[in-house]
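Structure first, then comments.
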Amino acid sequence: TDSDILEASYAPFVKAEVKPTSWMRLVGGLREETFTFDVRNRCAICLEQPAGRTSSGIVLPKLNLILGPWANTEIFSNYGEGFHSNDARSVVATGASPLARAKSYEVGVRSKPWGPQGIEFIATLWRLDLKSELVFVGDEGTTEIRGASRREGVEVAARGQVWGPVYFNGSVTWTKAEFRNGGAIPLAPEVTAYGALLVKWPEGLTSQLQATYLGVRPLIEDRSVKSPSWITFDLSERYQLPIKL
């Protein structure tokens, strides 16, 4: 494949926040996305390669409801719509919808049981419905548009100051990812996790040790072949220069 692709997007949005009572907040928004796709075939002898130009737009609403706090605890419920843009080559070749709508729902609770300066705990139930799924096709070096899919799961997270200069940030997510016909989504992980321990030393030095975990992933829709899990560790040091202008 040898293609030249120019893709551009424009996204004006509005947002409003209302607090009808001391224990309730409503946050809403509306976003309009416009995309243009321009594909040029740079291979003179590859006449089958796609080329062309098209554009598309989508309107995306969002709404958040937050109740509390009571005893340093809030309950929240969110609805939002997003999208993913399909491969520009597939869009101009097949006339498929360039923008696949995503609808997300979540409800959860966040709490700081030891006060505003302590660790914050968050637990969330969530669901994500995609109008269509993109699957990579290695033999052709491009992606393929599949059917509608659903992801749903649970996430628990914690972040904040543990003691003195020591801070923690981490989360664990379990996901069930399937096409609407029941088949597994290739390469969609079942469990992901992240954890980082930070130490903020005096004089601008910060040390961070983090671990990232990616769980088992089905490689084909019938789940007969799976990719093994892996975990990585990273140690980083950051220093902020005390420069005054």
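The values are calculated or read from the model by the stated rules, or taken from the named source; none is laboratory data. Since the structure is predicted, the reported quantities are computational estimates derived from the model, not experimental observations. So basically every Cβ, Gly included, is an ideal-geometry build from the backbone, and we count neighbours across all protein chains shown. Note: accessible area is taken over every heavy atom of the protein model, side chains too, but ligands, DNA and RNA are not part of it. Shrake-Rupley method; radii C 1.70, N 1.55, O 1.52, S 1.80 Å.
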Pairwise FRET efficiency - LYS244 versus LYS131, Cβ, R0 = 45 Å, nearest 0.05: 0.30
Taking all pairs of distinct alpha-carbon atoms in the chain, Kirkwood radius in angstrom: 21.8 Å
Karplus (6.51, -1.76, 1.60) ³J(HN,Hα), θ = phi - 60°, over the range 115-127, in Hz, Gly and Pro reported as x: x, x, 8, x, 6, 9, 10, 9, 10, 9, 9, 9, 9
Contour minus Cα-Cα distance for GLU144 and THR206 (0.36 nm per residue): 18.0 nm
Note, ³J(HN,Hα) from phi for the range 53-65, Karplus 6.51, -1.76, 1.60, rounded to Hz, x at Gly and Pro: 9, 7, 9, 7, x, 8, 9, 10, x, 9, 8, 10, 10
Efficiency of FRET from Cβ geometry, VAL172 and LEU65, R₀ 35 Å, rounded to 0.05: 0.90
Sulfur and carbon atoms: percent of accessible area, the range 6-62 [1.4 Å]: 59 percent
Qualifying chymotrypsin sites (Phe, Trp or Tyr not before Pro) in the range 6-108, DSSP loop, other Cβ atoms within 10 Å at most 13: TRP23
Per residue, in Å², the accessible surface of the chain once ligands and nucleic acids are set aside, probe 1.4 Å: 62 Å²
Local net charge near SER149, Cβ-Cβ under 13 Å (Lys/Arg +1, Asp/Glu -1): +4
Cβ-derived FRET efficiency at R0 45 Å, ASP222 paired with GLN49, nearest 0.05: 0.90
5 angstrom amide H check on ALA148, placed H, neighbours 5+ away: ARG180
At 0.890 mPa s and 25 °C, Stokes diffusion of the range 166-210 via Kirkwood alpha-carbon radius, µm² per second: 185 µm²/s
Spin-label model distance (nm) - VAL199 vs LYS103, 7 Å beyond Cα toward Cβ: 5.0 nm
Average projected area [Cα convex hull, the range 1-131], square nanometres: 10.7 nm²
Among SER97, SER111, PRO61 the positive-end extreme of the charge dipole of the range 45-112 (Cβ point charges): SER111
Equivalent ellipsoid dimensions for the range 100-207 as semi-axes, Å, which come from the Cα gyration tensor, largest first: 37, 19, 10
Within the chain, helix-based [θ] at 222 nm, where runs of 4 or more DSSP H residues each add -39,500 (n - 2.57), nearest 500: -500 deg cm²/dmol
Placed amide H near VAL162: partners under 5 Å, 5+ positions off or other chain: TYR167, PHE168
Vicinal HN-Hα couplings computed from phi for the range 229-237 (Karplus, 6.51 cos²θ - 1.76 cosθ + 1.60; Hz; Gly/Pro x): 7, 8, 9, 10, 10, 9, 10, 10, 10
